[in-house]
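Here's the structure we're looking at; comments come further down.
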2 protein chains.
Amino acid sequence: MLTERQRLILSAIVDDYIRSAEPVGSRSISKKSGVGYSPATIRNEMADLEELGYLEQPHTSAGRIPSAKGYRYYVDHLLRLGEVDEEDLRTVREFFSRKMTRMEQIIQHAATILANLTNYTSIVLGPEVFSNSLKAFQLVPLNEQMAVAIIVTNTGHVENRTISIPPGFDMNEFEKIVAILNAKLVGVPLHKLQTKLYTEVSEELNRYVNHCEMIIDALAQALEQRTEHRAFTSGTSNMLSQPEFRDVNKVKSILEWLDETPALVRSFSPKQEGIQVRIGSENADEALQNCSLITATYVVDGTTVGTIGLLGPMRMDYAKAITLMDILSKNLSVMLARCYN
Amino acid sequence: MLTERQRLILSAIVDDYIRSAEPVGSRSISKKSGVGYSPATIRNEMADLEELGYLEQPHTSAGRIPSAKGYRYYVDHLLRLGEVDEEDLRTVREFFSRKMTRMEQIIQHAATILANLTNYTSIVLGPEVFSNSLKAFQLVPLNEQMAVAIIVTNTGHVENRTISIPPGFDMNEFEKIVAILNAKLVGVPLHKLQTKLYTEVSEELNRYVNHCEMIIDALAQALEQRTEHRAFTSGTSNMLSQPEFRDVNKVKSILEWLDETPALVRSFSPKQEGIQVRIGSENADEALQNCSLITATYVVDGTTVGTIGLLGPMRMDYAKAITLMDILSKNLSVMLARCYN
DNA sequence: GTTAGCACTCGACGACCGAGAGTGCTAACC
DNA sequence: GGTTAGCACTCTCGGTCGTCGAGTGCTAAC
């Protein structure tokens, strides 16, 4: 358990380091208003804090920097949330008052704004539609061999696949198929569609439509390819502005990680509700050992449909980042609810 | 006009520099098989080539490096195309034999492969659907206030917008609207849809459906937001592997450029058919002065639907890049034709 | 026209040095 | 006993200097 003074000093060091990115010395802490101790006293406390693992020293005779544990303590106990820049708030409001008609567009735009306001890199995953349920089904023939199958989900998401039409198939049967599928499958979660196709629909369909096995197969196969998660990043170049990443090799692995959708998905997957902060080594991924990742989920129609993330150096402005993400994810949920619910 | 020997030397220098990224000296050229001249002779020629603007010298007593003009000459006259690594070819073939059901997925995958094989950064624009024509139109109500309008184009692309339903509107009218719109608008290019909605459809629709003005307005408004070009990049981190970009500041502006879709679109817009190489200052964009951008277009149903680009340092392996892009864009067109035509 | 020889140039690299920032320890102070 | 002034010590950073090597340009010989 830290004493009040230790907390004060730790807090001051983290604040300072977040601002300056340079090791913080005892003198500069001592000079701060609100701290009534001499450098020597501060030094003693700093030595203690280092021993406890909250601080680190790049080398003898440099100041201290917070360790991952230090940041964690800061985030858990010392953070003062809630003060948002008026200007930033205006930007966010302006964004949410705009009219947009595509869900993806809304979310990606939100991510861009997040990246711009924080100067970190934002990542959007989803929308995850696999747990949605079917709202409507449609088949549009393109020509004699090909048709587009369209699926609309309860959250207003539209998914489409190209399927090939068996030769000799009567195009007029399409309407029947669509009608039957809609009658049977609306309301069914997408991840159950495939099995339902074979168990419940197949038989019925066979009764009315000839040669429909191949259509069912094609549909099932198209569903097989569950939409791999889509990832969208914004503000990648912001990473390069961070002084800790002035060395190309340090950023490289991070950019590689950002480039690789599966890796992103893996890191995001334990989708706890709400805001989550992972600091340095709390990230499983090797590439993120020097980074912090803040994630927040957004909700449509009661289900969590996607995750929005913010990646920065460990020395992140947690207060600003967290409040902004909180505002953004809540507004996002509200806006999406207004559009799709 | 260059002499045969000058061409030989220029070619050797470019080849060497592409490989090593270091200024090329007269000695190393002289030692190459196929070059039967002493370093001194080479030096004289190099001095001439520099005077003509094809070579540059980072400083006295360093070797020469090709200038933008030198690369241009190399690409236009000296390039030997057509030799592709067997391994690479296998990767490409394997890719095109795979079965994929989403157009975007196919294209993005192709871009990823391109980036992996070349170690440069690939960019995909499109598919550009604005010049497509309408194949089918569909309206799916989500609830009392919202509906999804779905547009399928002749190239199999599916576009969707959320529109709000005027209060008191009879849901059963939807079918009529859809029928009329399909009857009137199928075959019309997307960019003419908006005007046609008002000129030809509005009247007819009014005759059969009550309160449909607001629906038309909503549709027109949704179409207003022509889908901004979508950009997809892959292999961003490859930029950091290039020795010329070991300095963070040099890459930063490039990454910013890559992050900004409108800038990408601007650079790509003069969409000439086929493969195009823009070297260094031939790129209008400030950020690309030290880069080369190779672009290729792909085609579905006779119209150019999108562009695929490859961004690397000026010191690019043009031969490999161009042949690969050629193969890829042609295969892509064939594959898309098979899927959507 | 081509090439050997040679003086010259310039950047890269390592060694060295002083300045500055910050520490840890000790002893004095309240 | 907690706090603080003083001081020796440590370590990095930036600048200077000299050496090394690669490569050039010029001249003279072939």
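Couple of notes before you dig in:
- Beta carbons closer than 7 Å, at least 6 apart along the sequence or on distinct chains, pair a first residue in region B:1-27 that is over 18 Å from B:Asn44 (Cβ atoms) with a second that is more than 14 Å from DNA strand D (Cβ to nearest atom) and basic (Lys, Arg) for B:Tyr17/B:Arg315; B:Ile18/B:Arg315; B:Ala21/B:Arg315.
- Members of region A:229-275 that are surrounded by fewer than 20 Cβ atoms within 10 Å (Cβ to Cβ), among the acidic types (Asp, Glu) and modelled with pLDDT of 90 or more: A:Glu244, A:Glu256, A:Glu260
- Candidates are the residues of region B:43-57 that are surrounded by fewer than 20 Cβ atoms within 10 Å (Cβ to Cβ) and not hydrophobic (A, V, I, L, M, F, W, C); the one that is farthest from DNA strand D (Cβ to nearest atom) is B:Gly53.
- Residues located in region B:58-91, provided they are modelled with pLDDT of 95 or more, within 16 Å of DNA strand D (Cβ to nearest atom) and not β-branched (Val, Ile, Thr): B:Arg64, B:Pro66, B:Ser67, B:Gly70
- Residue within region B:156-171 that is under 18 Å from B:Val129 (Cβ atoms) and aliphatic (A, V, I, L, M) present: yes
- In the set (1) at pLDDT below 85; (2) closer than 30 Å to B:Ile254 by Cβ; (3) among the hydroxyl-bearing types (Ser, Thr, Tyr), the condition left unmet by B:Thr155 is number (2).
- Checked against (1) within 12 Å of chain B (Cβ to nearest Cβ); (2) more than 25 Å from the chain's Cα centre (by Cα); (3) modelled with pLDDT under 80, A:Ala220 passes all but a single condition, namely (3).
- Residue ID - nearest to DNA strand C (Cβ to nearest atom), chosen from residues in region B:5-43 that are among the small types (Gly, Ala, Ser) and not in a helix (DSSP H, G or I): B:Ser38
- Of the residues making up region B:44-75, those that are within 16 Å of DNA strand C (Cβ to nearest atom) and not in a loop (DSSP other than H, G, I, E, B) are B:Asn44, B:Glu45, B:Met46, B:Ala47, B:Asp48, B:Leu49, B:Glu50, B:Glu56, B:Arg64, B:Ile65.
- Those strands (runs of 3 or more DSSP E) lying entirely in region A:76-192 with at least 3 residues of a type in the set (A, V, I, L, M), crowded, with 16+ Cβ neighbours inside 10 Å and within 14 Å of chain B (Cβ to nearest Cβ): A:134-141, A:146-153
- Single match in B:Arg27, B:Arg7 (criterion: away from DNA strand D (no atom under 14 Å from the Cβ) and farther than 30 Å from A:Ala220 by Cβ): B:Arg7
The values are calculated or read from the model by the stated rules, or taken from the named source; none is laboratory data. On a predicted model such as this, the values are computed, not experimentally measured, just so you know. Cβ: placed from backbone, ideal geometry, glycine included. Neighbour counts: every protein chain shown.
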